[in-house]
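The values are calculated or read from the model by the stated rules, or taken from the named source; none is laboratory data. Bear in mind that the values here come from a model prediction, so they are computed numbers and not experimental data. Positions of Cβ are backbone-derived with ideal geometry, glycine not excepted, and every protein chain shown enters the neighbour counts. Side chains are part of the model used for accessible areas, which takes the heavy atoms of the whole protein and leaves out ligands, DNA and RNA. Shrake-Rupley method; radii C 1.70, N 1.55, O 1.52, S 1.80 Å.
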Amino acid sequence: MTLNYVILIPLLPLLAGITIGLCGSRLGEKSWKVGAPAQALACLISLWTLYTVTVQGPIRVGLFPLSTQPGAWFQFALYVDRLSAVMMALITGVSFIVHAYSIQYMQGERGYARFYALLGLITFVLLCLVCSANLFMLFVFWQLVSWLLYLLLAFNYAHPPAYDAAFKTFIVHRLGDVAFLYGVLLTYHLYGTLDFDLLFTRAAEAPEMLALWPGGLEISAITVITLVIFIGAMAKSAQFPLHAWLPDTMDTPTPVSALMHAGIVNAGGFLLNRLAPLYGLSSTTLHIVFVIGGLTTLLGASMMLLQNDIKKTLGFSTMGQMGYMIMECGLGAFALAIFHLIAHGMFKATHFLNAGQVIHAARREPKRPHAGGIRERTPFSRLTWLTGAALTLILPLIILLTAHEVWSVPLRDAQGAVIFLFFGWVTASQTIFSLYRLNAVASWKVAGAMMFALLFIGFTYLWAGEAFTYFLYPAPDVVAQFFQAAALPTWLFDLLVVLTTMMIVIVWAILYAKAQGKHVPLPSWVTSMMPALYVLFMNRLYIDALYAKLGYGIIRLCHRLESRW
Amino acid sequence: MTDIWANIALILISIPVLAAGVALLLWTSPRALKGWGLGVIGIEILLVLLASPSLSHIEGGLTLLMVATAFLAILTQPSRKEERAVFMLTPVFVGLGLGAVAGSGIRQLLCVGGILALISGMILRHGPPPRAQEWGAISLYGLNLLGLSTSFWVAGPTGTSLALVAIAILLPVAPLHGPFIMTIERAPGTLPAVLAVFLPCLGFAEFSAISSDLPMLALRILSWVALLTALYAALRALVQISMERVLTYAFLAQCGILWWYIARASTSAIQAASYLSALSLVTAGLLLAATQLRVRFGHLDLDKLGGLALPMPRFAVFVTLLITAAIGLPFFPLFSGFLGLLLNKEVILSWTVFPILLTWLLASWQYPRLLQQVFFGRTRSDVITWDLCPSESLCLLSFVAILAFLGLVPHSLSEFVARISDLAPPLKAYAWHP
């Protein structure tokens, strides 16, 4: 077996984690001196690996056992292609930032060494997950992520809400793991291999069918496999209805939240990308993925608006963003999903680390917060609304037309690309809310700066998305095949686009009218629905209550069994 | 030389039983008894290794598992006067257990009878005065012996079905699980860990002998009973207030999975043996950890334990690793064993795999809940406790190391035995069967 330097990338965090774990009592608050340099070195090597893989192609390193029989499932090997290399760079980068941030943040905390040991171990597990060469190894590390996340979330083990939330997270993740396990077993049974390359080839060559009952309805085996594996992805990436664990994980140290929201929740998106050739064979699964992702986006963003806690707001924001990521996968835009998760990871980690500072500062602030609850009514500003109109309506049209006419992005055939642009448009539309609430546009200079910033970001985003897609999937026919497999019926897609456009325009118009002090006549059923919706979303759709009821029901059943037998 | 190895099982039994007489001379000194016990079991380990060419891979693996567990159990047993009987009973159990697994016919029956008689005596003598439940358990053990003896004389499906019922008491399946639960609860000292390995191994060895003769109807009924056992025990484990009971019911649930597999796959193949080895080892490790808590607190009431992570950090780390193994996470053998079971084509496409997966999921509820009840929460200031002493740490570390070794190499216990067999000097075939 020839060892490759690539093996150092997961090995360094592992050695650091084990060293700190064994010598933690002696290292104490100097544990960072072992952990942080190891992460930094791993990050540098992963950046070099990214360059090497881009230039020379994928790297494969067999690990254990040394010699394997054909069809053997118990194998560990590293496979580093462009996707893995990008993920490794992200994971080591975020982990290093979290290590560095925690040096001061965690000072004085009991369990300083334990924290750094767990950080090292979870980084190792995440790195092995993204560079697994087969489904078995990926599944092994997928499970270990669930367990190590539980131990990290229960870091403040003396605090009951912390370990209760950790337990809830673990149970939801294990539910996903069990579904994933079934997918792995079916895959091996039907295709005789868990190696990715072999599996994709065999799945494409010989489509299998499964009967739901003897002599009954038959369904494509790929659809069943991809669906059950998707349940695993749903649990990790907090998709509706397996999202309930995410907002409650705020009793954990802020660096853990940052790592989780920037790294761990992305695991679902990575999984779908790694198995993209399989998902590309099942349109049914991709459509279901799209629906789940869309629902998660809508619900996550709605619940986010009603939170009064900074960390919970960020938690639901992550849920919404993960919904977008999954939605993009559901439309065949797998590379865009990776681009999205990288961008989201970086900005969300920044938010959480900043949130930690804000909370610390607030706790030290001796002055009371402002007690007034009534905001003064802001006067109508034509400049504000003109800027908003430009940002919301005019500029996105310019970007859309430029993409289609100048850069020849095949929008008619690439529904994923359209959704991507829609994402940009909806995000820009949210600036309307900010402008409305802050009355932020004070002059034409500010208006001009905002419009230039949006144009710059929009075009950069568009270019980056195209470039990244080409980077991950250089063969254009592969990308086209994914889009084709995920394509919704044209009438349905056009209807969705038209409806969404109309909604954005109508909402803009209503806000404009209200800002001018005009009365907007809405149907009574709409106005009566608003308080109910408010309560519903504030209580997170009562999903948590439903799960709690289910849990209590199981425990009651167990007590009944105990008393009767 | 050939004559000595010709009756290897007799030697395996006789050494501890004869040496029990020597133990009586050391009765007043628990430390000397402990040393004696370790010495006897050490000799048994050597004998098992030397005898491995004469045993099948499964038999060799199971016997090695039994002696290793017994050795570690004695190592961690504190030298207390009130529990010195453990030092004498454990080697005797080892001898009889090895004789039962490695033997057949009358000798096997006598060994099993000896074990059950000792357990019955233990249930009567140790702990509070016996009530109806205890007498019920002893009666079932008696029925077990009756069933095994009858199957010895009665040939055909009747005999094998009787034997199956008897085996279901040793390798527990509902509704015959009562004696097993009772045994684990009533056994003194570290004997619960020993018996949690011995009884299932005995049951499995017995089952291996009759599996090919079982009628299809019996197997079909067995698979249903096993499914119900798995779910029933998994649910009951969620509401137990004693740590031992949680572990026992969790073990019973996993036994249900094993029974389901061997009923559906119509075989007690090496996969099943690997799974049983892993399950028994991890349960034994956790029961030994429970014993260490009982030594400190005098009880295992989960409502009264809690917040032990801070005063007992080393203990917390070892138990966390054992619980990682018990949940069925990598890189421990319960995970690879479970995967090995389910990769069988006969079982994976059956709808019955879903309750099995549910049982597997419920283990992720039982064990972390146990971990939280014992270690999490505020440290109690009214309780003085201390972390593990070196022998206790060595015992738990050994369990973790053995589990990690087995986890990285599936079927490794039997393969290890096979490798030893290849290295051992060639032995002439021995005449063990009467």
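Candidates are the residues of the stretch B:220-243 that are closer than 19 Å to residue B:289 by Cβ and open to solvent by 10 Å² or more (accessible area, probe 1.4 Å); the one that is nearest to the chain's Cα centre (by Cα) is B:242. Across the stretch B:183-219, the number of residues qualifying as outside any helix (DSSP H, G or I), farther than 18 Å from residue B:173 by Cβ and either open to solvent by 20 Å² or more (accessible area, probe 1.4 Å) or not small (Gly, Ala, Ser) (or both) comes to 2. Residues that are under 23 Å from residue A:151 (Cβ atoms) and small (Gly, Ala, Ser) were ranked within the stretch B:362-397; the one that is modelled with the lowest pLDDT is B:377.
Within the stretch B:262-270, at least one residue is surrounded by fewer than 22 Cβ atoms within 10 Å (Cβ to Cβ), free of Cβ contacts under 8 Å to residues at least 12 places away in the same chain and within 23 Å of residue B:340 (Cβ to Cβ). Scanning the stretch A:277-308 for residues that are over 22 Å from residue A:332 (Cβ atoms), open to solvent by 10 Å² or more (accessible area, probe 1.4 Å) and assigned to a helix (DSSP H, G or I) turns up A:299, A:301, A:302, A:304, A:305. Among what's in the stretch A:109-146 and is free of Cβ contacts under 8 Å to residues at least 40 places away in the same chain and open to solvent by 10 Å² or more (accessible area, probe 1.4 Å), pick the residue that is nearest to the other protein chains (Cβ to nearest Cβ). Going through the qualifying residues, I end up with A:144. With respect to the stated conditions, residue A:158 fails to be more than 7 Å from chain B (Cβ to nearest Cβ) and in contact with a Leu (Cβ under 9 Å, 6 or more places away or on another chain).
Scanning the stretch B:160-180 turns up no residue that is among the aliphatic types (A, V, I, L, M), touching a Pro at 6+ places or on another chain (Cβ under 8 Å), surrounded by fewer than 16 Cβ atoms within 10 Å (Cβ to Cβ) and assigned to a helix (DSSP H, G or I).
Given (1) more than 8 Å from every other protein chain (Cβ to nearest Cβ); (2) among the aliphatic types (A, V, I, L, M); (3) open to solvent by less than 10 Å² (accessible area, probe 1.4 Å), identify the lone condition not met by residue B:339. Of (1) more than 8 Å from every other protein chain (Cβ to nearest Cβ); (2) among the aliphatic types (A, V, I, L, M); (3) open to solvent by less than 10 Å² (accessible area, probe 1.4 Å), only one is false for residue B:339: (1). In the stretch A:89-108, of all residues being within 30 Å of residue A:54 (Cβ to Cβ) and open to solvent by 10 Å² or more (accessible area, probe 1.4 Å), the one that is nearest to the other protein chains (Cβ to nearest Cβ) corresponds to A:91. Can you confirm whether the stretch A:251-264 contains a residue that is within 20 Å of residue A:134 (Cβ to Cβ) and small (Gly, Ala, Ser)? Within the stretch A:251-264, not a single residue is within 20 Å of residue A:134 (Cβ to Cβ) and small (Gly, Ala, Ser). For residue A:547, the stated conditions hold: it is open to solvent by 60 Å² or more (accessible area, probe 1.4 Å), within 14 Å of chain B (Cβ to nearest Cβ) and under 24 Å from the mean Cα position of the chain (by Cα). Taking the listed residues B:357, B:394, B:371, the one that is open to solvent by less than 20 Å² (accessible area, probe 1.4 Å) and either closer than 27 Å to residue A:22 by Cβ or among the basic types (Lys, Arg) (or both) is B:371, with no other qualifying.
Does residue A:540 qualify as being exposed (fewer than 13 other Cβ atoms within 10 Å of the Cβ) and charged (D, E, K, R)? Judged against the criteria, residue A:540 is not a match. Could you look through the stretch B:383-396, keep only residues that are among the polar types (S, T, N, Q) and not in a loop (DSSP other than H, G, I, E, B), and pick out the one that is farthest from the other protein chains (Cβ to nearest Cβ)? My answer is B:391. On the stretch given as the stretch B:318-336, residues that are aliphatic (A, V, I, L, M) and within 8 Å of chain A (Cβ to nearest Cβ) total 2. Filtering the stretch A:197-219 to residues that are in contact with a strand residue (DSSP E or B) (Cβ under 6 Å, 6 or more places away or on another chain) and either open to solvent by less than 30 Å² (accessible area, probe 1.4 Å) or more than 11 Å from chain B (Cβ to nearest Cβ) (or both) leaves A:209, A:210, A:218, A:219. The condition of being away from chain A (no Cβ under 14 Å) and either on the phi < 0 side of the Ramachandran plot or part of a helix (DSSP H, G or I) (or both) holds for residue B:293.
If only residues of the stretch A:168-183 that are under 22 Å from residue A:203 (Cα atoms) and facing chain B (nearest Cβ under 8 Å) are counted, the one that is surrounded by the most Cβ atoms within 10 Å (Cβ to Cβ) is A:181. Checking each residue in the stretch B:356-368 for being at the interface with chain A (Cβ under 7 Å from one of its Cβ atoms) and within 20 Å of residue B:241 (Cα to Cα) picks out B:364, B:365, B:368.
Do the conditions hold for residue A:189, that is, is it surrounded by fewer than 21 Cβ atoms within 10 Å (Cβ to Cβ) and within 11 Å of chain B (Cβ to nearest Cβ)? So residue A:189 passes the test. The residues of the stretch B:397-407 that are open to solvent by 40 Å² or more (accessible area, probe 1.4 Å) and among the aliphatic types (A, V, I, L, M), listed by number, are B:397, B:401, B:402.
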